[in-house]
1. Could you list the chymotrypsin sites (Phe, Trp or Tyr not before Pro) in region 86-155 that lie in coil according to DSSP, counting only those with at most 10 other Cβ atoms within 10 Å of their Cβ?
2. Taking Cα centroids, how far is region 61-121 from region 210-262 in Å?
3. From the gyration tensor of the Cα coordinates in region 160-288, what semi-axes in whole Å does the equivalent ellipsoid have, largest first, with each one equal to sqrt(5λ)?
4. List, in order, the whole-Hz ³J(HN,Hα) value for each residue of region 179-185 obtained from phi through the Karplus relation with A = 6.51, B = -1.76, C = 1.60 and θ = phi - 60°; use x for Gly and Pro.
5. What ³J(HN,Hα) values, in whole Hz, does the Karplus curve 6.51 cos²θ - 1.76 cosθ + 1.60 give for region 120-131 when θ = phi - 60°, with x put for Gly and Pro?
6. Which trypsin sites (Lys or Arg not before Pro) in region 82-145 sit in a loop by DSSP (not H, G, I, E or B) and have at most 13 other Cβ atoms within 10 Å of their own Cβ?
7. Using the 10 angstrom Cβ neighbour count as an exposure proxy, how do LEU207, LEU178, LEU36 rank, fewest first?
8. Using only Cα positions of region 65-194, each an equal point scatterer, no hydration layer, compute I(q)/I(0) via Debye at q = 0.19, 0.20 Å⁻¹ and quote the log10 values to two decimals.
Amino acid sequence: MITQKEDDWLYTISSKRKLIDFNFKEIWQYRDLLLLFVKRDIITLYKQTILGPLWYIIQPLFTSVIFTLIFNKLGNINTGIVPAFLFNLAGISAWNYFKECLTGTSSTFTKNQSIFGKVYFPRVIMPMSITISNLLKFGIQILIFLGFYLYYLAIGKGIEMNILAFLFPVYVVMMALLGLGLGMIISSLTTKYRDLTVLVSFGVQLLMYVSAVPYPLAEAKLKFPALVATLVEYNPLTQIIEGFRYMLLNTGAFSWFGFAYTLVLSLFIFLFGLVIFNRTEKQFIDTV
């Protein structure tokens with residue numbers, strides 16, 4: 001009887017891994033499955049709804065109107081020459097993509113425990129598919145933003161895009177890495193601590209208010225206590241939201257230090273989350 005050497009196999013599935021194993025090669029080998037999950041997420045999300053993809057449009061528009069009425073009209077938050085509605089729509093569109101990535105990936109193990117227990121594939125494909133499929137929603141919201149941008153431009157509002165608009169794809173990648181990395185960390189922890197599921201939905205709402213979504217960073221520095229203003233300023237999400245507004249509306253704060261700091265931190269959180277996620281997938285089925 002001839003014994004098959006391990007090197008002769010195309011794939012070897014084993015629970016033994018290095019302490020740090022990103023496994024990008026295996027993810028690439030399962031790229032067809034990744035695309036299948038992306039297609040599934042897009043098709044089934046609003047399959048049995050009345051308005052369907054229109055919710056992609058309704059949610060940011062209504063939120064922008066509410067923010068304009070409460071924060072700008074009632075709270076007297078100044079957005080300069082940029083219309084308050086457009087200012088809020090830019091921030092909300094960016095924030096929504098991060099939020100959807102975070103909340104969608106933070107329950108990966110608990111929501112997919114049935115399929116994870118039956119068949120093998122790189123588990124990280126599931127949260128990655130959520131992050132990629134959310135790009136469709138984000139793209140639709142950006143198109144809506146551009147529509148209102150052209151409208152305000154046509155009626156003579158003094159708005160213009162900044163030359164740094166070429167960094168737009170980099171900011172999208174940073175949002176995806178942050179949402180995916182944090183989501184994988186939380187998903188790994190929820191296999192043992194179910195309370196985190198409740199904490200995520202509550203914490204995301206609070207996080208929005210310390211990420212300069214409904215107000216400019218300049219207003220935070222002016223009106224917040226020094227400690228809170230510093231927290232808001234060095235929040236990487238604040239740097240992303242402000243960067244979006246700076247690129248698209250030529251308003252807000254931008255610095256190359258803040259950009260580099262956010263990029264490095266996003267990469268670190270993603271890689272750290274990937275390590276935690278890969279180590280959790282080996283024994284999560286015993287604890288979920």
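Since every read-out is calculated from the coordinates, none of them should be taken as a lab result. Just so we're clear, the structure is a prediction, and the values are computed from it rather than from any experiment. FYI the Cβ positions are ideal-geometry reconstructions off the backbone, even for glycines, and counts take in every protein chain you see.
1. Taking region 86-155 and a limit of 10 other Cβ atoms within 10 Å, the loop chymotrypsin sites (Phe, Trp or Tyr not before Pro) found are TYR120.
2. 16
3. Rounded to whole Å, the semi-axes are 31, 18, 11.
4. So the J values, rounded to whole Hz, are x, 5, x, 5, x, 5, 5.
5. 9, 6, x, 4, 5, 4, 5, x, 5, 5, 5, 4
6. LYS118
7. Working: LEU207 18, LEU178 23, LEU36 13.
Ascending number of Cβ neighbours within 10 Å: LEU36, LEU207, LEU178.
8. Treating every Cα as an identical point scatterer, log10 I(q)/I(0) equals -1.06, -1.12.
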